[in-house]
Amino acid sequence: MPSYDVVVIGAGSVGCPSAYFLARRGLKVLMVESRPACGQGQNKAAIGGVRATHSDPAKIQICRQSLDVFSSWKEEHGFDLGWKKGGYCFPVYDERLEQTLKNLVEAQQRYGLNIDWVDADRVKDMVPGIEPRGLRGGTFSPDDGQVSPLLASEGFRRAGVALGVEYRFNEPVTDLVVESSRICAVVTTKARYPAKMVLVAAGAKAKAIGAMAGINLPVTPDSHEAGITAPVAQFIGPLVVDLRPGPEGRTANFYFGQNNEGQIIFCYTPKKPLVGEDRRPTSEFLPIVTRRLLTLLPRLRNMVVRRTWRGLYPMTPDGVPICDRIEGIDGLFVAVGMCGQGFMLGPGIGMNMTSVMLDGHPEIDPDVFASLRYDRSYEAGHEALK
Amino acid sequence: MSGRITHHPILPPTEPATVSFTFDGKTLQARPGEVISSALYAAGIRTFGRHPKDGGPQGIFCANGQCSQCLVIADGRPVKGCMTEVIEGMQVEPCLGLPVLPSEDDPPGATIDHEVEEVDVLIIGAGPAGISASVELARAGLSVLLVDDKAELGGKLSLQTHAFFGSIRACHAGTRGINLTGKLAADLPSLPNVRTWLKTTAIGAFVDGTVGLVRDKTYVLVRPRALLVAAGAREKSLSFPGADLPGIYGAGAFQTLVNRDQVRAADRLFIVGGGNVGLIAGYHALQAGIDVVGLVEALPKIGGYKVHLDKLRRLGVPIWTSHTILRAEGNEELERVVVAECDNRFQPVPGTERIFEVDTLLIAVGLSPVNELSAMAREAGITLYEAGDSAQIAEASAAIFSGRIAGRTIATDLGNPMPVPQQWERTGAVLRSRPGKQFPLDLTEPDQPIFPVLSCVEEIPCNPCTQVCPLGSISIPDGSITSRPVFSGSCLACGRCVSICPGLAIRIVMPGTSPDRALVMLPWEFDEVAPGDEVTTVDMEGNEVGIGRVQAMRRRDDQNGRAMLLLDVPKSERMVVAGFRLQAPEEGRPLDEADESSETDDDPIVCRCERVRKSEIVAAIRSGITDYNVLKAVTRASMGGCGGKTCRELVMRIFREEGVEPRDVVPATIRPLTTEIRLDLLAGLADDEEPKS
C-alpha cells in the first residue's frame, strides 16, 4: 500500500476543495468517503448562497477567498458552477435592526467587505415586488453570490482528478491509527491507508471520527429544511435574508434567492433547533415557509414548489467552526463544525488548511484565524450576524 | 387535425363549446369546464410554447399534470395547460422560454389554518383498486378518506370506452370502463364512514406520520393509521430521434384527449407497442374517426390479448411485429415516422425502413407503478399498503381484487378482522395472469340452423358469455375462467353473448335469404355503415374473405352500447366472416420514397423536461459517474418538472448500454413533492380567484 501525503476524510463542502488545494501544492492526496460520490452528504443540501457578509472577521476573510474561487472557477477550469453574482440583501423593516446593521456595515467595511446600506427604493429595485410597507432599506453586498452546490462538488472533483487526487467512495472510516503521538494511517471498511497527514472534514460525522483518534470534536448536528421552485425568468438579483423572527413563532430568520437556473431556492432557521440527524421531511416546513415567502414577496404566489429536502448543520457549542492542527497528534488536522456554512466557507477553509498543513500558518491573518482553533472555551459569544 | 368529436359511437354527447378565450391573440372556443390543452388541440394547436434551453417546441405530453411541457401563460400566470380550466375571456399566451412572473404584488389575505385530520385509512387513488378497498374497509367499520386528483371517481376507467374481461360476478366483466366505476362505487353513498375528496393531490408524506393533500384550493394534512397507495400506473417512455416533437405522447394522454374530452386529437395516428394499452388506444382512435396508419411491436408476437389485436386487424389496421421505431420527423411538429424491421436483439435491419405520413404517434410500451408517495411514506414510517397497478401492473379486473384484498388485510391489521376468502387470492392471481396458450379456431359446423361461432382461441381470464346465455348453451367444460368456452345445445339468436363478449369474438350464424346465402350477426361499435352497404368481409384475424352486404342494423339499450349488425354473406363463407374493413388499405401504406430532407437531430432527447440529449448522458456516464444523483447534477436530467418520472428508466437503460449494471448505479433520491404545487396553496392563501395587477 503506497503512503499518501494526506488522507482527507469526507468528500463534502470542505473536503472536496481541500483535496484540490492540497493536490495543487503537489501532494499525493487520497480522499475517503462513506457515501457513493462527492457532495452527497450535506453539501447538496446547501442552498448555494456564498457571502462574505458576516460579522465574524475570520468568516468574512475566509468567505472572500471562497468567493474568489467560485467566481473565477469557470474562467480558470472551464466548468460552470452555476455562479451568479447577485449579491446579498438584508431588507430591514424596523429601526433597531436598521441601527444594528448600519453599525455592522461600518465594521464590515473596515474588514474590506464591499457592503453598504441602501435605501428602500434600491431594495425594491433589486427585489421587485417586495413588501413596501415599512421597508426602511437594507444592506447590499454586491460581490456575494450563489453557486450550485451540486455542480461545485463535481467541479472540485474534476479538478482534483486532474491533479491526481484519488477517491475512495463507499468506504466509511473505521479507525485512525496514531502511533507515538503521530497519525500514521486511516483505516476504512476496505483498506488501511498509510498517511503522513490526515485532514478530518467529516461534517456531521466529525464527532465519531474524532473519537477514533481520541479527541473530542464538539460537533452536534441539527437540521434545516429547504425547498426549490420551478424556474421563472430572472427577476431577483440578490439572495435575500429576512432577519425578523416569523409571526408563527417557529422561525428565526428566513432567506431565499433565485439561482442561475431561475429557480427560487428557500430555507428558514427554526427558532428551536431540530437537534439530531433525522433528514426526513417535516409537515410544518411548507406551510410556514410559503407564508413567510408570500408575506415578504407576494408575487411568488404564482410559482410552484418542485422539491424539498432537509440538511444537517454540524453545530459547535459557540457556533464557530473548528479549523486547526491537533496538538499532541502530529499530522492530524481538522476542519469541522461549519455550523451550516460549510459550502460558502469550504474553498476558503481549503486554502487556509492547505497553508496551515504545509506552511504552518493560514493564508489569512493568523490572529484572526485563531478564533477557529480547537483548543478554545466554546462559550457562546455574540455573533451579530450568524 | 383539429376539431371535436361531435358524435361518438359509445360516449354520450358533450356540451357545445361556448366559452370564448384567446390564444396568442386568436379567439377560440372551449367547452364548459374544459382544460386549456384540450381546447387548444380542438383548435388544431399543438405547439404551446418554446423550451428555455433550446427553443424546442413544447406541447402535450402526459396530459395528467405530472410534467410541465404544456406550460402556457393564462391571464399572465404560468399554468399547466392540461390542469387549468378555461374561463370565459381568458387570455392564453404561449410560454416562450422561462415564464415571466406576473407582478401580483398585493399583500396576501388572511391565512386559513387547519387541524390535522385523523382517519383510520387514507386511500390515494379512486380507481378500481381504491374504490374496492374503501368499500371493504367501510364495511369493517373503519373511517376512510378516499382521495383522487381527478374531478371524478374511477381513475383511468373513465378513459376506457371498451368492455373489460373477467367474470360478471367477480368483477362485472363485459362492462365498459366508463360504466364500471358506477357499479364499483354503487355502495359508497350508503357508507357514511367513507369520505371522498376529488381534485385532491397527495404531495408528500412527513416524519410526523401525516400526508399532505392539496384539496382543490386548500392544503390539508391527514394523519392516517394506515395509508393505502392505489395511485395506478404511468406510461413508460421511449427515446429515439425526434421523440420530443409535438404530436408524440402516451396512449393515456391520447385517451384523455379523445375519450374524456372528446377532442379529435389526430387525423393519422401511428402506435408503438402492441400490449393491450396500444391495441386499445388504436381501437379508441378508430371510434373517434381517426385513421390508424399502423402499429409496430418490437417482439415477434403481440403481447396484448389476441382479441384486442384481431379487432384492429379486422378493421384494417396494419400490425408490424418485429418492427421498431427509428425516428420521428417533422418541421416543428410530427409529420412522418420511420420504422424498420428489427432482429432478435431489437437492432434495426438496414434496408427495411418504411416511412409513414402521420401527425400523431402514441407511445404504448408498458406501464410503471406510481409509487413515489409509497417511498416517502415508507421513509416516514407510515403503515403502508399498496394495491392495483401501484402494487403490480395488471388489468382493471385484477385491480378490483387487489383493492378488496388490501381493504380486508388493512381492516384485520387495524383490529377489525375481515378474513380474505381464499378464493379471492386465487381469482386475483388468475386475473393478473398473462395471456396463455392459443389454439386453432374450431370451424366445425354444428348440425343446426342457428349457432354462435366462438372465436375465443386464447386462454385469458374471461367468462361472461357463459353467464348470459338464456339456454345455458355456452359453457367452459373444465370450469376454469381462463379456459375457452364451447357451444353445445341450441341458440335463440338473442345476441346476448354477442353483445357482452369484451373481445368482440362471438358472432351468430343463421340462415340467409336464399339457400346459398347466410346471415352473420356481428357486434358493431361504429357508425360508418348503414343497411344496404356493401363491405369487404374479413376473417377473425382480418384476412380478406369477400364481399358482404349489411342487411340490418339493430340498436337497442340492452346491447351494451353496441349495434347488432346482420351481414348477408355467401353461405360458404359463413364460418369465417368475422367482420369487415372499416379502414381502406391505402391508409396504412408507407410512402414510396424516403424523404431525405429530415430536420431531426440524430441525438435524441432523453430528459424531456430539461431537454437533455442522449450524448450528454453518455458523456457523463463515460466520465465515470455511477451515482444517479451526480448524473442529475451534471446533466440536469431528471431535475425538471416531472422529477424524473419519465426519463429515469430511459437513463437506466443508457447506463446498461454503457456497461454499467443497474445494481451498480446509486439510485436517485426521491423527495417531496410528488408533483409541483403552487406556493399560495401550500400557504393557505389562495383567496384570489382573479389575477391582480
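For this structure, a couple of remarks:
Residue-wise test of (1) at the interface with chain B (Cβ under 7 Å from one of its Cβ atoms); (2) closer than 22 Å to A:GLY82 by Cβ.
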site	(1), (2)
A:ASN259	no, yes
A:PHE266	no, yes
A:PRO270	no, no
A:PRO273	no, no
A:GLU277	no, no
A:THR282	yes, no
A:PRO287	yes, no
A:LEU294	yes, no
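- The stretch B:637-650: number of residues that are over 24 Å from B:VAL338 (Cβ atoms) and away from chain A (no Cβ under 14 Å): 1
- Filtering the stretch A:31-44 to residues that are buried (at least 24 other Cβ atoms within 10 Å of the Cβ) and either out of contact with any helix residue (DSSP H, G or I) (no Cβ under 8 Å at 6 or more places or on another chain) or outside the structural domain of A:LYS196 (by TED's automatic domain parsing) (or both) leaves only A:VAL32.
- Of all residues in the stretch A:238-256, those being among the small types (Gly, Ala, Ser) and within 14 Å of chain B (Cβ to nearest Cβ) number 2.
- Extreme residue, nearest to A:ALA230 (Cα to Cα), among residues of the stretch B:615-636 that are among the polar types (S, T, N, Q) and within 12 Å of another protein chain (Cβ to nearest Cβ): B:THR635
- Counting only strands (runs of 3 or more DSSP E) that sit completely within the stretch B:56-167, those holding 2 or more residues that are aliphatic (A, V, I, L, M) and away from chain A (no Cβ under 14 Å) correspond to B:90-96, B:117-124, B:144-147.
- Subset of the stretch A:250-300 (residues that are closer than 24 Å to B:PRO78 by Cβ, among the aliphatic types (A, V, I, L, M) and part of a strand (DSSP E or B)): A:ILE264, A:ILE265
- Just one of the numbered conditions (1) touching a Gly at 6+ places or on another chain (Cβ under 9 Å); (2) in the same structural domain as A:ILE364 (by TED's automatic domain parsing) is not true of A:TYR93: (2).
- Residue within the stretch B:247-265 that is of a type in the set (A, V, I, L, M, F, W, C), within 23 Å of B:ASN543 (Cβ to Cβ), touching a residue at least 24 places away in the same chain (Cβ under 8 Å) and out of contact with any Gly (no Cβ under 7 Å at 6 or more places or on another chain) present: no
- Pairs with Cβ under 6 Å, 6+ apart, first in the stretch B:192-212 and under 16 Å from B:LEU153 (Cβ atoms) and away from chain A (no Cβ under 14 Å), second buried (at least 23 other Cβ atoms within 10 Å of the Cβ) and β-branched (Val, Ile, Thr): B:VAL194/B:VAL144; B:TRP197/B:VAL147; B:THR200/B:VAL147
Residue by residue, here is whether (1) at pLDDT below 95; (2) in a strand (DSSP E or B); (3) out of contact with any Cys (no Cβ under 7 Å at 6 or more places or on another chain) holds:
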| site | (1), (2), (3) |
| --- | --- |
| A:VAL186 | no, yes, yes |
| A:ALA230 | no, yes, yes |
| A:ALA233 | no, no, yes |
| A:GLY237 | no, no, yes |
| A:GLU248 | yes, no, yes |
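- Residue in the stretch A:30-42 that is closer than 30 Å to A:LEU101 by Cβ, in a loop (DSSP other than H, G, I, E, B), in contact with a Pro (Cβ under 9 Å, 6 or more places away or on another chain) and within 14 Å of chain B (Cβ to nearest Cβ) present: yes
- Residue match in the stretch B:607-627 (condition: at pLDDT 95 or above, touching a helix residue (DSSP H, G or I) at 6+ places or on another chain (Cβ under 9 Å) and farther than 28 Å from A:THR308 by Cα): yes
- Within the stretch B:474-481, not a single residue is in contact (Cβ under 8 Å) with a residue 12 or more places away in the chain, more than 27 Å from the chain's Cα centre (by Cα) and over 22 Å from B:LYS306 (Cα atoms).
- Any hit, the stretch B:606-613, residues being within 11 Å of another protein chain (Cβ to nearest Cβ) and not charged (D, E, K, R): yes
- Subset tally (residues that are of a type in the set (A, V, I, L, M) and more than 25 Å from B:THR14 (Cα to Cα)) for the stretch B:278-308: 8
- Selection status of A:PRO314, more than 13 Å from chain B (Cβ to nearest Cβ) and surrounded by fewer than 21 Cβ atoms within 10 Å (Cβ to Cβ): no
- When B:ALA633, B:ALA637, B:ALA584, B:ALA620 are checked against the criterion of being surrounded by 17 or more Cβ atoms within 10 Å (Cβ to Cβ) and within 30 Å of the chain's Cα centre (by Cα), B:ALA637 stands alone in meeting it.
- Filtered by the rule that a residue be away from every other protein chain (no Cβ under 14 Å) and at pLDDT 95 or above, the stretch B:370-383 gives B:SER374, B:THR383.
- Within the stretch B:637-693, considering residues that are of a type in the set (Lys, Arg) and more than 22 Å from A:GLY227 (Cα to Cα), the one modelled with the lowest pLDDT: B:LYS692
- Elements of type strands (runs of 3 or more DSSP E) in the stretch B:243-335, at least 2 residues being under 19 Å from B:LEU582 (Cβ atoms) and touching a helix residue (DSSP H, G or I) at 6+ places or on another chain (Cβ under 7 Å): B:268-272, B:291-297
- Matching residues, the stretch B:543-584, being over 14 Å from B:ARG507 (Cα atoms) and in a loop (DSSP other than H, G, I, E, B): B:ASN543, B:ARG556, B:ASP557, B:ASP558, B:ASN560, B:GLY561, B:ARG581, B:LEU582, B:GLN583, B:ALA584
- Meets criteria (farther than 24 Å from A:GLY12 by Cβ, free of Cβ contacts under 8 Å to residues at least 60 places away in the same chain and in contact with a helix residue (DSSP H, G or I) (Cβ under 7 Å, 6 or more places away or on another chain)) for B:VAL660: yes
- Of all residues in the stretch A:320-340, those that are surrounded by fewer than 23 Cβ atoms within 10 Å (Cβ to Cβ) and closer than 24 Å to A:GLY257 by Cα total 1.
- Applying the criterion of being assigned to a helix (DSSP H, G or I) and touching a Phe, Trp or Tyr at 6+ places or on another chain (Cβ under 7 Å) to the residues of the stretch B:662-685, the residue that is surrounded by the fewest Cβ atoms within 10 Å (Cβ to Cβ) is B:PRO662.
- Within the stretch B:585-598, considering residues that are of a type in the set (D, E, K, R) and part of a loop (DSSP other than H, G, I, E, B), the one modelled with the lowest pLDDT: B:GLU596
- Scanning the stretch A:131-187 for residues that are under 30 Å from A:LEU101 (Cα atoms) and within 13 Å of another protein chain (Cβ to nearest Cβ) yields a total of 8.
- Residues within the stretch B:170-224 that are among the hydroxyl-bearing types (Ser, Thr, Tyr) and within 21 Å of the chain's Cα centre (by Cα), tallied: 4
The values are calculated or read from the model by the stated rules, or taken from the named source; none is laboratory data. Just so it is clear, the structure is predicted and the values come from calculations on it, not from any experiment. Heads up, the Cβs are rebuilt from the backbone with ideal geometry, glycines too, and the neighbour counts pull from every protein chain shown.
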